[in-house]
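Asks: Before we start, here is the structure in question, set down as structure tokens.
The values are calculated or read from the model by the stated rules, or taken from the named source; none is laboratory data. Just so it is clear, the model here is predicted, and its values are computed rather than measured. When we count neighbours, we look across all protein chains shown, and the Cβ atoms used for this are built from the backbone with ideal geometry, even at glycine.
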């Protein structure tokens with residue numbers, strides 16, 4: 001059949017060959033759209049999602065530039081959430097009234113719009129070109145509609161081969177915009193749910209910290225310190241979430257430890273140490289059946305593993321310890337040293353950093369230690385000389 005099709009194509013007249021090529025091109029666009037939909041569905045972060053949308057919209061329509069505008073309902077404005085092209089940075093600082101421009105028309109009317117010569121289109125707003133320095137010749141604007149509400153507009157500009165956009169381009173972009181709008185709306189909802197989860201977690205963590213007044217705020221600070229180090233390691237957005245949740249929940253297992261042990265001013269007995277060391281396993285078991293916290297479980301379980309293999313609960317060593325757990329080990333010790341405890345006074349940040357460096361390579365991972373110290377110094381400009389505001393010892 002392939003050979004027959006090839007002969008048919010060679011024998012077809014110019015008009016028929018054009019139709020065949022157009023159909024093949026359309027099929028290619030639909031195949032690309034399908035692959036885009038798969039990619040969009042797999043992207044958990046809004047910035048990545050938007051980047052996929054714009055790149056693929058541009059590729060599908062053979063455009064020179066693309067932008068995605070979202071609606072600020074309170075201010076009745078459209079703002080450039082993201083743009084692809086040489087002037088993307090300028091556009092992302094720009095807002096326009098929803099009552100002006102081709103994008104505004106598309107948003108207000110919830111309809112797509114083709115304008116292949118914007119100089120003849122009274123709906124075109126030339127002020128955007130003046131701000132950006134971009135010369136718009138042609139444009140397609142399609143609305144992003146979710147739950148019967150227009151939430152934004154997807155634009156592609158200037159056909160790369162200088163020809164005009166057509167209805168086929170609009171049809172494919174509308175399909176992409178519909179997929180993007182639903183996904184974007186769901187991601188917004190997921191963000192709200194996530195914020196609710198975090199609020200619930202913080203309330204739970206506060207209840208745990210309240211068992212020992214000396215550890216008040218410890219878990220929140222550990223999460224914040226860990227994020228400082230994580231940013232130095234260029235971790236993924238998913239790993240940053242793992243760090244935040246792991247930091248908040250790393251001591252959740254202490255809810256099962258008797259308060260008299262947690263608050264004991266003197267040294268712990270061997271039995272008490274044995275009980276205290278169980279908090280990592282207890283904590284991991286507490287969250288193991290929560291899908292949202294699945295990736296945080298190894299951090300809770302392994303944040304007391306030592307780089308040289310002398311830690312607990314499994315005696316993992318070096319790279320066998322997840323990098324996020326290695327980072328938590330560092331910041332947990334730092335906050336413990338710089339916070340007052342029932343069994344000793346706090347030390348200042350300079351001395352705590354010296355202790356981290358002293359035990360770097362044995363108790364602490366060198367990469368994680370350097371990352372936290374760099375992030376901590378960068379966040380404050382310099383190390384504070386006074387105690388800041390949660391370890392019986394560095395174990």
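Asks: Wholly within segment 243-324, which helices (runs of 4 or more DSSP H) include no fewer than the required count, namely at least 2 residues that are at pLDDT below 95 and loosely packed, with under 15 Cβ neighbours inside 10 Å?
Replies: Where helices (runs of 4 or more DSSP H) fall fully within segment 243-324 and carry at least 2 residues being at pLDDT below 95 and loosely packed, with under 15 Cβ neighbours inside 10 Å, they are 259-262, 270-276.
Asks: Okay, moving on. How many of the residues making up segment 152-171 are touching a helix residue (DSSP H, G or I) at 6+ places or on another chain (Cβ under 7 Å) and either within 13 Å of residue 53 (Cβ to Cβ) or surrounded by fewer than 19 Cβ atoms within 10 Å (Cβ to Cβ) (or both)?
Replies: Within segment 152-171, the subset touching a helix residue (DSSP H, G or I) at 6+ places or on another chain (Cβ under 7 Å) is 153-156, 165, 168-169.
Remaining after also requiring either within 13 Å of residue 53 (Cβ to Cβ) or surrounded by fewer than 19 Cβ atoms within 10 Å (Cβ to Cβ) (or both): 153-156, 168.
Looking only at that region, the number is 5.
Asks: May I pose another question? Quick check on my filter: what residues within segment 112-145 are under 31 Å from the mean Cα position of the chain (by Cα) and closer than 24 Å to residue 179 by Cα?
Replies: Once the filter is applied, which keeps residues that are under 31 Å from the mean Cα position of the chain (by Cα) and closer than 24 Å to residue 179 by Cα, segment 112-145 yields 112, 139, 140, 141, 142, 143, 144, 145.
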